[in-house]
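Below: one structure, written as structure tokens.
The values are calculated or read from the model by the stated rules, or taken from the named source; none is laboratory data. Computed from a predicted structure; not experimentally measured. Methodologically, a virtual Cβ is constructed for each residue, glycine included, from the backbone with ideal geometry; neighbour enumeration extends over all protein chains shown.
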Amino acid sequence: ARPSHRIASLLYEIDPGSQVVASGWVRTRRDSKNGFSFIELNDGSCMSNLQIVIDASVPGYEEHIKEAGTGASLEVRGELKESPGSKQRVELHASEFTLLGKADGDTYPLQKKRHSFEYLREIAHLRPRTNTFGAIARVRNCVCRTIHDFFQERGFLYVHTPIITTSDCEGAGEMFTVTTLDQTPSSAGDYSEDFFGKKASLTVSGQLEAEIYACSVGPVYTFSPTFRAENSNTTRHLSEFWMIEPEVPFFELDDNMQLAEEFIKTLVQKCLDECAEDMAFFNQRIDKEIMTTLRNILDNEFRRISYTEAVDLLLASGKKWEYPVSWGTNLQAEHERWLTEEHFGQPLIVYDYPRTIKPFYMYCNEDEKTVRAMDVLVPRVGEIIGGSQREHRLDVLEKRLVECGLDAEEYWWYLDLRRFGSVPHSGFGLGLERAILLLTGMQNIRDVIPFPRTPKNAEF
Ligand code: 4AD
Ligand code: MG
């Protein structure tokens, strides 16, 4: 095969008059009566299609043009010419054309009409050929590159934390356990201690391991698949998602909030700068408010309020909540969204949560009632980041483990970090898919990850 040009560079970079090769998949084909055809070709490098003009003098035209239906794959060589129409700068006038893989336009599962996202979820092998899913793939890629750049530019080391682990970081018991098939269960039907005789599960967070590295080599971040066995069928939860977790020594809660805000703003800015065509599409076709929401994020400082203030606002709102609020209860999605969307109309950082509703590792405040936790809430999505300053005082941490019903013996290595050269340190976790929801205006988290894993989706 000859190296072909990506359609994005043909449309936006290469000069008219050049001889070029394009390959991709047919979006539409129109045949004129006078023996020529127009083909809209897309290769996923950008939202726009390249228009191909091909006439009967091109070898293979007569035999094969009818097989080049929507969905077929082609390679086309020819001259790039200025386009007489105003839609595109250029079009490709074919001199050679090879049908690589024919497709019957009538039975191709992607028809020209708009398909529902539910239907597209059932054809996860073809949905990346649609405009929406092509755009999501490009935006997701841009976000991932930006994440690495953001931390690398600040001198953070990228560390790999284990997928198979023996500790439950969040202490919420939402783990998938790991078993080995060729082992006999330790007692009838009990596979619970089956990682070669030990209990192991898929990680719910790389934080504890990231803390080890942060307290040795300085600022670090992880970027890793994460697993949660919560059986919740919401538009915000996946069983398998990607989490980014920075962890920084000599860092307190305020520093952590500052880093989180800069981080989110950088992701927004880069998407607007580098994925302009895709972002315009989302604004036009997915959510008409998305640009306004994102501009608003860039233009304002995130509001910071304590959990106690948040509860007071919720109580004073006069709203009828599905889940009643009182000091000490977890904030539910409905509360978070009201605070960020309706009350403040901008991103919000809620900090200092009650000790009793947060994991063991968070720093206890002097009031002995709250811990130095922070959640970043954004309009349309709710919680996008969860983080905290970590408890670095050995005696306080030991008490907290007991209080949370955990076995301090199992955390001996975590306690060692507090025994030998303990330092204040902080970090947070960003859910990648929640960030993509925010950036694209998409509604359902199943549609912003290529292959969603939820209690109901795990086709292939
Ligand atoms: O708030 P979480 O549970 O915090 C932690 O795991 C900490 N150990 C992070 C840290 O401090 N290093 O999860 C962090 C973020 C959430 O704010 C959310 O964006 C995302 O991870 N998240 C999920 N995303 C998709 N599906 C799920 N089931 C998610 N659970 C959490
Ligand atoms: Mg959380």
In the stretch 228-240, residue modelled with the highest pLDDT [restricted to those that are within 11 Å of T203 (Cα to Cα) and surrounded by fewer than 19 Cβ atoms within 10 Å (Cβ to Cβ)]: E240
query: Can you tell me how many residues in the stretch 112-169 are in a loop (DSSP other than H, G, I, E, B) and on the phi < 0 side of the Ramachandran plot?
result: 21
task: For the stretch 41-56, state whether one or more residues are over 30 Å from the mean Cα position of the chain (by Cα) and without any contact (Cβ under 8 Å) to a residue 40 or more places away in the chain.
output: yes
task: Please go through the stretch 1-42 and pick out each residue that is crowded, with 20+ Cβ neighbours inside 10 Å and basic (K, R).
output: R29
Positions within the stretch 78-101 being in contact (Cβ under 8 Å) with a residue 60 or more places away in the chain and not polar (S, T, N, Q), in sequence order: E79, L80, K81, E82, R89, V90, L92, L100
message: Checking the structure you have, find out if any residue of the stretch 368-388 is away from ligand 2 (no atom under 16 Å from the Cβ), in contact (Cβ under 8 Å) with a residue 60 or more places away in the chain and in a helix (DSSP H, G or I).
response: no
query: Residues of the stretch 213-226 being of a type in the set (A, V, I, L, M, F, W, C) and buried (at least 20 other Cβ atoms within 10 Å of the Cβ), which ones?
result: A214, C215, V220, F223
task: Could you check how many residues of the stretch 290-303 are exposed (fewer than 15 other Cβ atoms within 10 Å of the Cβ) and within 30 Å of N365 (Cα to Cα)?
output: 2
- request: For the stretch 221-262, enumerate the residues that are within 16 Å of ligand 2 (Cβ to nearest atom) and part of a helix (DSSP H, G or I).
  value: L253, N256, M257, A260
query: How many of the residues in the stretch 357-367 are away from ligand 2 (no atom under 11 Å from the Cβ) and among the charged types (D, E, K, R)?
result: 2
field: Residue match in the stretch 359-367 (condition: touching a helix residue (DSSP H, G or I) at 6+ places or on another chain (Cβ under 7 Å) and away from ligand 1 (no atom under 14 Å from the Cβ))
entry: yes
message: For the stretch 249-263, which positions are buried (at least 17 other Cβ atoms within 10 Å of the Cβ) and away from ligand 1 (no atom under 11 Å from the Cβ)?
response: P249, F251, L253, M257, L259, E261, F263
query: Applying the selection to the stretch 321-358, what residues are of a type in the set (A, V, I, L, M, F, W, C) and not in a loop (DSSP other than H, G, I, E, B)?
result: A333, W338, L339, L348, I349, V350, I357
statement: Of the residues in the stretch 430-447 that are within 18 Å of M291 (Cα to Cα) and more than 16 Å from ligand 2 (Cβ to nearest atom), the one that is surrounded by the most Cβ atoms within 10 Å (Cβ to Cβ) is L439
- prompt: Any idea how many residues of the stretch 368-385 are surrounded by fewer than 24 Cβ atoms within 10 Å (Cβ to Cβ) and away from ligand 1 (no atom under 11 Å from the Cβ)?
  reply: 6
field: Residues (in contact (Cβ under 8 Å) with a residue 60 or more places away in the chain and either on the phi > 0 side of the Ramachandran plot or within 16 Å of ligand 2 (Cβ to nearest atom) (or both)) located in the stretch 405-429
entry: G421, S426, G427, F428, G429
task: Looking at (1) within 23 Å of S306 (Cα to Cα); (2) within 16 Å of ligand 2 (Cβ to nearest atom), find the lone condition where V396 falls short.
output: (2)
